[in-house]
Structure formats: C-alpha cells, structure tokens
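Taken together, the values in this text are just the output of simple stated rules run on the coordinates, not laboratory data. Here the structure is a predicted model, which is why all the values come from computation and not from measurement. Here the Cβ positions follow ideal geometry from the backbone for every residue, glycine too, while neighbour counts run over all protein chains shown.
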Amino acid sequence: MKCNKSQQGMTAIGWLLVLAILGVFLIIGIKLVPVYISGYSLYSSMEAMETNPKLQGIPSRYLRKKVMAIVDLNYVRDVRPEDVTITRKGKGYEVTIAYDVYRPILGNLSLLVEWEKTVTIP
C-alpha cells in the first residue's frame, strides 16, 4: 500500500493560525502576571497585619497610613486611598481593600481584574 506523501503536516496557514493563537495567550499572560504577583503580595501582607501586635489598639487614621505604607511597599500602584475601607468591629477594626485593575490588550480590548481582601485587626 502506498502512503500519500502530500499529507505531511500542517500548512503555512495552519502554522500562522497556531502562532497567532499562541501570541494572543502570550500577550494576555504578559499583561496579567504582574497584576497577580502584586495582588498576592498585598494579600500576604494584609494577612500578616492580622497577627502584628503593633497594630492592635491604634487609631484608625494611623491604621490607614500603615495600610497605605504597606501598599506602597509592595509596589501596588492601582490601590488608591479611597479603595481602603476601615470599619470598627468590636474592639478592633476590619480593613478592606477593594480595587480594580484594567490592562489594555489590543485596541479597545481590555482585561479587568477585581481584587478584594478583608482582614480583622484586634
């Protein structure tokens, strides 16, 4: 039986299509990885705030300054002071950071990442 030698792989158009799809996923990955790295570093810093004895019993205005210092220290440029909410919860405070990150991809196509983290400081 003879093998058909004309069917030996993908055509040039097939390869271009595969490369275009991989390129789109690569662009999305390049745009999203820094957003997730900064978001998770902020998450871990906020969780460390819960167990920090220096933060217990301080007034809310100093707590807000401390939270914004942590945001600056982690290079999270998308958090504004109005994204931080501090509410009284019993003898302590509940600190919530909720912010959105927009990253343009191609033309008018953008990605939206929403972050929200709440910790309780006794």
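Could you please report the charge total around GLN56, scoring K, R as +1 and D, E as -1 over all other residues with beta-carbon less than 15 angstrom from its beta-carbon?
Taking every other residue near GLN56 into account, the sum is +3.
Take each peptide in 73-81, 9-17, count the other Cβ atoms within 10 Å of every residue, and average; sorted highest first, the result is 73-81, 9-17. A full extension of the chain between THR87 and ILE58 corresponds to an added length of 9.1 nm, given 0.36 nm per residue minus the alpha carbon distance.
The alpha-carbon of LYS89 sits under 20 angstrom from the alpha-carbons of these aspartates and glutamates, leaving out residues fewer than 8 places away in its chain: GLU47, GLU50, GLU116.
For LEU22 and THR96, the FRET efficiency from 1/(1 + (r/R0)^6), where r spans their Cβ atoms and R0 equals 41 Å, is about 0.60.
To one decimal place, what Kirkwood hydrodynamic radius in Å is obtained for segment 12-121 from all pairs of distinct Cα atoms? Hydrodynamic radius (Kirkwood, Cα only) of segment 12-121 equals 16.0 Å. The long axis of helix 12-50 is offset from the longest Cα principal axis of the chain by roughly 10 degrees. For LEU42, neighbours were defined as the other residues whose beta-carbon sits under 13 Å from its Cβ, and their charges (Lys and Arg +1, Asp and Glu -1) total -3.
The angle between the Cα long axis of helix 60-73 and the longest principal axis of the Cα atoms of the chain comes to about 30 degrees, rounded to the nearest 10.
If you take the Cα centroid of segment 41-78 and the Cα centroid of segment 98-122, the two points sit 19 Å apart. Neighbour counts of other Cβ atoms within 10 Å put VAL18, VAL119 in the fewest-to-most order VAL18, VAL119. Straight-line cross-link reach from LYS31 at under 16 Å between alpha-carbon atoms covers these aspartates and glutamates, not counting any fewer than eight positions away in the same chain: ASP78, ASP100, GLU114.
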